[in-house]
Amino acid sequence: MKVLGIDIGGSGIKGAVVDTKRGRLLTDRLRLLTPQPATPDAVALTVAEVTKHFEWDGPIGCTFPGVVKGGRVHTAANLDPSWIDLNAAELFASSSNCAITVVNDADAAGEAEASFGAGKGEPGLVITVTLGTGIGTALVVGGRLVPNSELGHLPLHGGDAEKWAASSVREHLDLSWEDWASRVDEYLHLVENLLWPDLFVIGGGISKRAEHFVPLLTCRTKVVPAELQNQAGIVGAALAVNRHHSKHGDDGQAVPKAAKGKRRAKG
């Protein structure tokens, strides 16, 4: 099945057409800057621009950096607060004129790594940690996703852990790899003492430079870089379309109003 995957981040919005059976991109990746401020209407226009670029009229899987349930946004730590309680799936369906499934961005990356990447075949608890503008986490147990874990907001040093150890913090404070690795290490120790995972997979764009910091980590849990690297969110977004459709049927997606009417007429 071919699905357009779109990964919305705090700094960039990336998209590509995905072969969901093999977990591979079928097109070059398009990356556009996340609009600032990242209001719902502005982001929806960018999603529509990505859709138009690929001349796409099929199903779309889209990630969002926050808790998402049934297409509705419940948190938006690194985007505009006007997202809270908004149905992002319906908004994007309207702007793109396509059927849309929206999922948490880290969940998408974690599911992609569990299906096609560093977590494939792992029978225990795999925690994918995406280090970017913030910290996202995905828990996969025996190949099954536990959605919306949001462990990047665990308290650490008097605030959210992502304010201490995200990749953006390294850049903002101009930290050395050693100094930043010690912060990441402290965060991973916190998570492993709570959940005792079998594997940490480090994702996000920073995974391409894993050799600079992963060897410096001291947590007891094995730590490996994401194999899909910065493509994981796009692949996982596309996979979510299949998962939602098989679990919920059409209720797992938002479709444009015109498409809804056509479906009712066929029924």
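Here A181, A210 are screened, and the one residue that is surrounded by fewer than 19 Cβ atoms within 10 Å (Cβ to Cβ), assigned by TED's automatic domain parsing to the domain that holds V129 and more than 25 Å from T75 (Cβ to Cβ) is A210. The set of residues in segment 153-208 that are part of a loop (DSSP other than H, G, I, E, B) and under 17 Å from G10 (Cβ atoms) comprises A161, A166, G204.
Apart from one condition, V50 fits all of (1) under 22 Å from A138 (Cβ atoms); (2) within 18 Å of the chain's Cα centre (by Cα); the exception is (1).
When the helices (runs of 4 or more DSSP H) confined to segment 15-128 are screened for residues that are among the β-branched types (V, I, T) and surrounded by fewer than 23 Cβ atoms within 10 Å (Cβ to Cβ), those reaching at least 1 such residues are found at 40-53.
When segment 129-147 is limited to residues that are in contact (Cβ under 8 Å) with a residue 60 or more places away in the chain, buried (at least 24 other Cβ atoms within 10 Å of the Cβ) and touching a Pro at 6+ places or on another chain (Cβ under 9 Å), the one that is farthest from V223 (Cα to Cα) turns out to be G134.
Scanning segment 213-228 for residues that are of a type in the set (A, V, I, L, M, F, W, C) and in a loop (DSSP other than H, G, I, E, B), we see that the one that is surrounded by the fewest Cβ atoms within 10 Å (Cβ to Cβ) is L217. Just checking, does segment 191-202 include any residue being at pLDDT below 95 and under 18 Å from D105 (Cβ atoms)? The answer is no; no qualifying residue exists.
Do we have any residue at all in segment 57-76 that's closer than 14 Å to A237 by Cα, under 14 Å from the mean Cα position of the chain (by Cα) and among the polar types (S, T, N, Q)? Yes, segment 57-76 contains a residue that is closer than 14 Å to A237 by Cα, under 14 Å from the mean Cα position of the chain (by Cα) and among the polar types (S, T, N, Q). Here H172 clears all of (1) touching a helix residue (DSSP H, G or I) at 6+ places or on another chain (Cβ under 8 Å); (2) without any contact (Cβ under 8 Å) to a residue 40 or more places away in the chain except the condition numbered (1). Within segment 1-14, restricting attention to residues that are under 16 Å from the mean Cα position of the chain (by Cα) and outside any strand (DSSP E or B), the residue that is surrounded by the fewest Cβ atoms within 10 Å (Cβ to Cβ) is S11.
Kindly indicate the residue of segment 229-253 that is touching a Ser or Thr at 6+ places or on another chain (Cβ under 9 Å) and surrounded by fewer than 22 Cβ atoms within 10 Å (Cβ to Cβ) and also modelled with the lowest pLDDT among those meeting that condition.
Here is the first cut: in segment 229-253, the residues touching a Ser or Thr at 6+ places or on another chain (Cβ under 9 Å) are 229-230, 232-245, 252-253.
Next, only the ones that are surrounded by fewer than 22 Cβ atoms within 10 Å (Cβ to Cβ) stay: 229, 242-243, 245, 252.
Working: Q229: 87, N242: 85, R243: 76, H245: 62, G252: 49.
Selected residue: G252.
The set of residues in segment 25-47 that are free of Cβ contacts under 8 Å to residues at least 24 places away in the same chain and within 17 Å of the chain's Cα centre (by Cα) comprises R31, L32, L33.
The values are calculated or read from the model by the stated rules, or taken from the named source; none is laboratory data. These numbers come from a predicted model, not from an experiment. Ideal geometry is used to build each Cβ from the backbone, glycine not excepted, and the neighbour counts take in all protein chains shown.
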